[in-house]
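Since the structure comes first, as structure tokens, the remarks are kept for the end.
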């Protein structure tokens, strides 16, 4: 198995947290944290992306599966950040499960 560059994961999470804490008007990520929408917008997108991943896997479309999986991870990170869960908490859980 090839070495995985986890820096991109950390960078992505940091950008998402920054958009949450320092909203930018033109930022899609910031729009998912808008107070009037609550976390519902991000949750809706997470559900949509999970369905799209499922359909891409069912259709055996590897390019689309990779694309939709990236969208799913991004929206999952937005939901986690909206609930003030640190990336390290998720990574610790995964390490613990690795046993």
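No lab work stands behind these numbers, since they all come straight from the coordinates. Values in this document were obtained by computation on a predicted structure and should not be read as measured data. So basically every Cβ, Gly included, is an ideal-geometry build from the backbone, and we count neighbours across all protein chains shown.
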How far apart, in nm, are the 7 Å Cα→Cβ label points at residue 4 and residue 86? 2.0 nm
Students often get this wrong: which residues of the stretch 3-18 have the backbone nitrogen under 19 Å from the point 7 angstrom along Cα-to-C-beta of residue 70? 3-17
What nm value, rounded to one decimal, do you get for the distance between residue 57 and residue 14 when each label is placed 7 Å out toward the C-beta? 3.1 nm
For the modelled label position 7 Å from the Cα of residue 94 along Cα-to-Cβ, which residues of the stretch 53-86 have backbone nitrogen atoms closer than 17 Å? 66-81, 85-86
Percent breakdown of C-alpha pair distances by 10 Å bin, ordered from the shortest bin, for the stretch 45-99: 25, 36, 34, 5
Share (percent) of C-alpha pair distances in the chain greater than 21 Å works out to 42 percent
